[in-house]
Amino acid sequence: MANLNSFNSNQVDSGSTKRARIIGGAATAAVTAVVALMFVLDFNGCSKEKKTAPVNTSQSASNPSPTPAAQPAGTPEKKPETVQKKKTVKRPSTAKYQNDQYGVSFRYPKAYAMLSPEKETSDSAWPDPAPMNFAGDNGETLAELMLKGSRANSYFKVSVNKSLTAEECGKFATTPEPFGTSANPPADPSDDSLMPVKTNILGVEFAKAETVTSDTETRYYHRFENGACYEFALGVEDAQNTVKPIDHLQVFDKLERIMSTVKIKSEPVPTVATTETTPVPQPTPTPASNPQQ
């Protein structure tokens, strides 16, 4: 009997152990499966977080990208720095001639050379490019401008004659003669080509005449003012052996610009002082007495 109990006890223990092993193996497998499933789920979750979310085109179109914030009203807008260029001061290209004795002045381009009467013969390309054209002698040259060119030379000459009357100042000589010669006779009134014409320059009236030779052309202007006759000579002389003569009208256009700046200051007319004389009272004659009365 003792052995029988012992045998039965061993049989029971071995069966229980076997079942426990089976249950433990199943539990272990289930736990392993759960752990593996959790690992797979965790790995998929991490990989999804790393992926970029898809862009919703309709949402981006309705919600445009924000613009940069504007600067406050008080903040001045910064402008690109600019390099300031130095301003060049332009010097006047003209000079002024003024004669206080005769009250005449004008402006001329600095390209012209101013000659004095003493240097006229030595420095001039011609002995006297513009002879005075007064209808009489005693003329005096005040100033002369000269501009030399490759095809032509131009000149502007100012003279005065104090021995002429207003009527004589409006006349010109038949042929202009150099200074120092005998009196030039006035032009023949029957020759219309030599008769002067009246012209107006900026409100000032002048008598005008022209002389033309084979290589020169001169225009004379006379004006009587301050008891003297003023003469302005504008001329062009073609250069010798020139192949292509220059257009004289272009040269005269520049010379007449100088002429338009001429000013003659009028001298005030002196007033003659007059004194009022008080008449001396005459005595009243007394009637003579009649002795017969």
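Looking for something modelled with pLDDT of 90 or more, of a type outside the set (Ser, Thr, Tyr) and in a loop (DSSP other than H, G, I, E, B) - is there at least one such residue anywhere in segment 84-102?
Yes, there is a match, as at least one residue in segment 84-102 is modelled with pLDDT of 90 or more, of a type outside the set (Ser, Thr, Tyr) and in a loop (DSSP other than H, G, I, E, B).
Among SER124, SER150, SER193, which is over 24 Å from ASN99 (Cβ atoms), polar (S, T, N, Q) and at pLDDT below 65?
Result of the check over SER124, SER150, SER193: SER193.
Do we have ILE264 as surrounded by 12 or more Cβ atoms within 10 Å (Cβ to Cβ) and more than 15 Å from TYR155 (Cα to Cα) here?
Considered against the rule, which asks whether it is surrounded by 12 or more Cβ atoms within 10 Å (Cβ to Cβ) and more than 15 Å from TYR155 (Cα to Cα), ILE264 comes out as yes.
It is to be established whether one or more residues within segment 159-172 are modelled with pLDDT under 90 and on the phi < 0 side of the Ramachandran plot. Break it down into steps so the answer makes sense when it comes.
Going residue by residue through segment 159-172, those that are modelled with pLDDT under 90 are none.
Taking every residue of segment 159-172 in turn, none turns out to be modelled with pLDDT under 90 and on the phi < 0 side of the Ramachandran plot.
Across segment 228-257, what is the total count of residues that are outside any helix (DSSP H, G or I) and in contact with a Gly (Cβ under 9 Å, 6 or more places away or on another chain)?
4
The values are calculated or read from the model by the stated rules, or taken from the named source; none is laboratory data. Keep in mind that this is a model prediction, so the values were computed, not measured. Every residue, glycine as well, gets a Cβ built from its backbone with ideal geometry; the counts of neighbours run over all protein chains shown.
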